[in-house]
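The values are calculated or read from the model by the stated rules, or taken from the named source; none is laboratory data. What you see is a predicted model, and the numbers here were worked out from it, not measured in a lab. Cβ coordinates were reconstructed from backbone atoms using ideal geometry, including for glycine residues, and neighbour counts include every protein chain displayed. Just so you know, the surface numbers come from the protein's heavy atoms only, side chains and all, with ligands and any DNA or RNA stripped out. Shrake-Rupley method; radii C 1.70, N 1.55, O 1.52, S 1.80 Å.
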Amino acid sequence: MARKFYSAVLCVLALLFAGCSNHPPSAAQFMNAKKDGMSFVVGGTIRTGNVDNREVSYGPKNNAAHDQYYSYEEGNWNLDIAWFAASSHVVLGFAFEDYTYRMFLGPRFQYFGVQGWGGLSPSESKSDKGISKVVGGVMLIEQIPISENFKVGFSEHISRNSYKVINHTECCSMNEIYAEQYNEFGVGTYLAYKGFSFEFRYGREIGEPRNRFYFMTHYAFFN
């Protein structure tokens, strides 16, 4: 019992410092960060398509109340909160996707930018228990400034994403929580007006026939 308690505590700490949910951040807000200043961004993402929300049983099925199964919980939406600091041509950021973090850094010019981001997530392998793996990616961004306030942009990314998996066991109420990681490439487009942005992105999972569609909206304060 003590061993399971310590395992649960370690898992909670891992989630706080590493987290499970990591997807590509906003291209629009990276390009829209206030020059020689700081911005605070609040927004959210809705995902549809082949989103991985499923249950996989691996235990006895004679008693449904004591079934052992994995629940894959990528979710169909998440909340984004970000802080940006930008100089003339460099953007530094720190963001939370729901309760998990990512950091990003890259050069940004009037017509294009390169956004790199990264974080940590607990390994999905039982043999690697307690080890965190790097998630993140890189994104190329092309921007067309229609006017000083209105901008249109396009993006291409390749990334390693992650989301939460729960191992529901029949022996106790303290379930194992770790991350499922997968590789993705994709493209996107966005509209930005002053501090507001709307973004659409398509992502294709590498090695699996899963297509994800992201609808993102954000607003930058103090921008």
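Taking the range 147-200 as the range and being touching a residue at least 12 places away in the same chain (Cβ under 8 Å), of a type in the set (Ser, Thr, Tyr) and not in a strand (DSSP E or B) as the test, only 169 passes.
Would it be correct to say that residue 166 is at pLDDT below 95 and open to solvent by less than 40 Å² (accessible area, probe 1.4 Å)? Yes. If the condition is being surrounded by 19 or more Cβ atoms within 10 Å (Cβ to Cβ), farther than 30 Å from residue 36 by Cβ and aromatic (Phe, Trp, Tyr), then the range 175-213 contributes 178, 182. Going by the structure shown, is residue 202 more than 21 Å from residue 98 (Cβ to Cβ) and in contact with a Ser or Thr (Cβ under 7 Å, 6 or more places away or on another chain)? Criteria not met by residue 202. Selection over the range 94-114 of residues that are assigned to a strand (DSSP E or B) and within 15 Å of residue 22 (Cα to Cα) gives a count of 9.
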